[in-house]
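Following: one structure in structure tokens, then a few remarks.
The values are calculated or read from the model by the stated rules, or taken from the named source; none is laboratory data. Everything numeric in this text was worked out from a predicted model, so none of it was measured. Quick reminder, even Gly has a Cβ in these numbers, built from the backbone with ideal geometry, and neighbours come from all protein chains shown. To get the accessible areas, we keep the full protein, side chains included, count just its heavy atoms, and leave off ligands, DNA and RNA. Shrake-Rupley method; radii C 1.70, N 1.55, O 1.52, S 1.80 Å.
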Amino acid sequence: MWKKIFGKKKSPNIDLDQDLLATIDKETLPRHVAIIMDGNGRWANKKGMLRSAGHVAGVKALKRTLKAAIYLNLEALTVYAFSTENWKRPTEEVDFLMKLFSDYLEKELDEMDRDNVHIDFIGRVDGFSAHLQKMMEDAKQRTADNTGVRFTVAVNYGGQDEMVRTVQSLARDVAAGKLAPEDIDAGLIDSSLDTGDLPPVDLVIRTSGDMRLSNFLIWQTAYAEFWFTDTNWPDFSKDDFAEALIDFSKRDRRFGGLSKRNGDK
Ligand code: FPP
């Protein structure tokens, strides 16, 4: 699928080819893709492996997907790595995921920096160990001036939790006389969320068959398109990504208005 659509040389595993990139109609690409990387456990179970092996394979799928996003010069990619509910998992699995996050940052940061990726984290980052928080802060600072893909990792993240924190912070500003209640509009709420200056989500991809948002970016996905696949996250390929993007390019997005495509007047 990738080759059929983006041409033979358009593999995200090779250096960016600006000439080929220029042939892709940027108008049809989403600005902001958000991914619910689900099914690591099921992938491992099917193979008779431990869940941790599924998460390791999930990291590889994430690396592939980020490379594809870089190759396509997407503006923003946000991934759901750990939810506020994931603490309910067995301690060994949580500990394993924490180690995986820190290993990922340690091993991948140089390459992400070389790829001009701007890294950020959303969620209650302060719920993590001081070591992991420092690694996240260092990754953010080191890539702060990068102008490529805005790669945001949602960790200890919940959309409702984000809304609660945002409302509390705005309420504090009202109480302190810095804001009038009437100043609070959609734009201010939007920019006060963890996602700050990121564009609204255009496309949500969820792997592994379930068709729900699971408390991910509940405000930011108000007008997003959704693309679901039965493929478990570790098997998510650049071809699957291409298929999602092509499907997105065919959607008629009306944002509550009339269809431009059908010539409604
Ligand atoms: C969902 O699969 C996946 C997670 C809760 C963790 C996502 C983590 C990764 C892809 C690993 C790496 C991420 C980073 C940023 C290094 P699941 O365990 O819920 O699968 P299941 O529903 O089949 O049990």
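Probe of 1.4 angstrom, ligands and nucleic acids ignored: what's the accessible area per residue over the chain, in square angstrom?
Working: 13890 Å² over 265 residues.
Accessible surface, normalised per residue, equals 52 Å².
Couplings 3J(HN,Hα) for the stretch 40-46, derived from phi with the Karplus relation 6.51 cos²θ - 1.76 cosθ + 1.60 (θ = phi - 60°), are 4, x, 5, 4, 5, 4, 4 Hz, where x marks Gly and Pro.
In this structure, the amide hydrogen of VAL149, modeled 1.01 Å from its nitrogen in the peptide plane, lies closer than 5 angstrom to those of HIS118, counting only residues at least 5 positions away or on a different chain.
Loop only by DSSP, 11 or fewer other Cβ within 10 Å of the Cβ. Give me the trypsin sites (Lys or Arg not before Pro) in the stretch 181-242 that pass, ordered by residue number.
Listed in order of number, the matching sites are ARG212.
Take peptides 219-229, 60-70 and line them up by average Cβ neighbours within 10 Å, highest first, as a rough protection proxy.
Details: 219-229: 17.4, 60-70: 20.4.
Output ranking for 219-229, 60-70: 60-70, 219-229.
In this structure, the residue pairs whose Cα-Cα separation is over 23 Å, taken from LYS46/LYS250; LYS107/LYS140; LYS63/LYS140, are LYS46/LYS250. Sequence-ordered 3J(HN,Hα) estimates for the stretch 109-119 from the Karplus curve with 6.51, -1.76 and 1.60 and θ = phi - 60° stand at 4, 4, 5, 4, 5, 4, 7, 6, 6, 9, 9 Hz, glycine and proline given as x. Around the amide H of SER83, modelled in the peptide plane, lie the amide H atoms of ASN156, TYR157, all under 5 Å away and 5 or more residues distant in sequence or on another chain. Considering only alpha-carbon pairs that sit under 8 angstrom and 6 or more positions apart, the relative contact order computed for the chain is 26 percent.
Annotation: amide H of GLY39 within the under-5 Å range of TRP233, sequence separation 5 or more or interchain, hydrogens built in the peptide plane.
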